[in-house]
Amino acid sequence: MGSACIKVTKYFLFLFNLLFFVLGAVILGFGVWILADRSSFISVLQTSSTSLKAGAYVFIGVGGFTMLMGFLGCIGAVNEVRCLLGMYFAFLLLILIAQVTAGVLFYFNMGKLKQEMGSIVTKLIQNYTDGHEDSLQETWDYVQAQVNCCGWVSFYNWTENAELMNRINITYPCSCKNKSKDDSSILPQMGFCEAPVGNGTQSSNNPDEWPVYKEGCMEKVQAWLQENLGIILGVCVGVAVIELLGMLLSISLCRHVHSEDYSKVPKY
């Protein structure tokens with residue numbers, strides 16, 4: 001009966017570590033996505049925010065280390081090597097402590113991240129230059145066009161852009177244009193656009209005349225960010241639960257392995 005229990009524990013631990021390896025790859029993928037994404041609001045934030053960059057590197061480091069531990073755990077489980085199982089348990093405990101610490105710090109810094117997000121976007125809008133090729137400008141244009149919003153709090157944020165407000169004719173950010181008012185043409189998504197000239201005379205750029213979305217992007221972007229961060233945190237919680245299970249299985253198997261046979265360890 002004891003031998004059968006050891007075999008069951010061993011193969012459960014192997015399957016667990018295989019799943020652990022996959023989840024480590026998912027965490028690593030989140031970190032790479034944050035750094036590599038160039039088509040969403042994450043690009044705006046990570047280019048200007050050191051804290052988000054640091055978080056992305058933490059995800060990559062934890063994910064890579066988790067994959068390595070999953071690999072070592074598979075070897076230790078299949079070959080019943082107490083040394084590897086003990087190291088596996090210790091490193092798994094360190095990973096769990098690091099994840100809990102990072103999660104607590106991130107939770108208590110959410111307000112700071114939202115405040116930083118608002119200041120980054122506000123500064124971006126103020127310094128936006130028509131005809132200037134810039135990855136941040138292009139990303140923000142993409143966000144406004146896809147989310148159907150304009151500015152941060154409201155479209156009036158664009159009145160803080162000196163270049164835009166110095167225009168004589170009615171001129172507005174192209175990516176803000178309300179598509180429902182022009183369904184017959186494909187609108188540009190970058191730079192500034194001039195509204196068709198009416199019968200009256202126009203001597204200033206009046207924002208109330210802009211054919212744009214009136215709602216700001218703040219609530220929509222924060223909801224999108226919270227949703228994606230919720231998925232990331234959910235994955236991390238799932239990994240933590242699996243880590244606890246792996247620790248229990250590894251210590252149980254380690255206690256039942258009374259003698260070590262290092263000839264079982266693969267040699268390269």
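Worth pointing out:
- Only protein heavy atoms count here; under a 1.4 Å probe, Lys112 has an accessible surface of about 140 Å².
- Sequence of Glu138, Glu194 when ordered by accessible area, the most exposed leading, probe 1.4 angstrom: Glu194, Glu138
- Note that segment 112-163 presents 48 Å² accessible area per residue, ligands and nucleic acids not counted, probe 1.4 Å.
- Violating pairs (Cα-Cα greater than 29 angstrom) within the set Lys179/Lys220; Lys53/Lys214; Lys10/Lys53; Lys114/Lys177: Lys53/Lys214; Lys10/Lys53
- List Val147, Val104, ordered by accessible area with a 1.4 Å probe, largest first: Val104, Val147
- Probe 1.4 Å, all protein chains present, accessible-area order of Ile120, Ile60, largest first: Ile60, Ile120
The values are calculated or read from the model by the stated rules, or taken from the named source; none is laboratory data. Note that the structure is a prediction, hence the values are computed from the model and not measured. Each accessible area value is taken on the protein alone, full model and side chains, heavy atoms only, with ligands, DNA and RNA left out. Shrake-Rupley method; radii C 1.70, N 1.55, O 1.52, S 1.80 Å.
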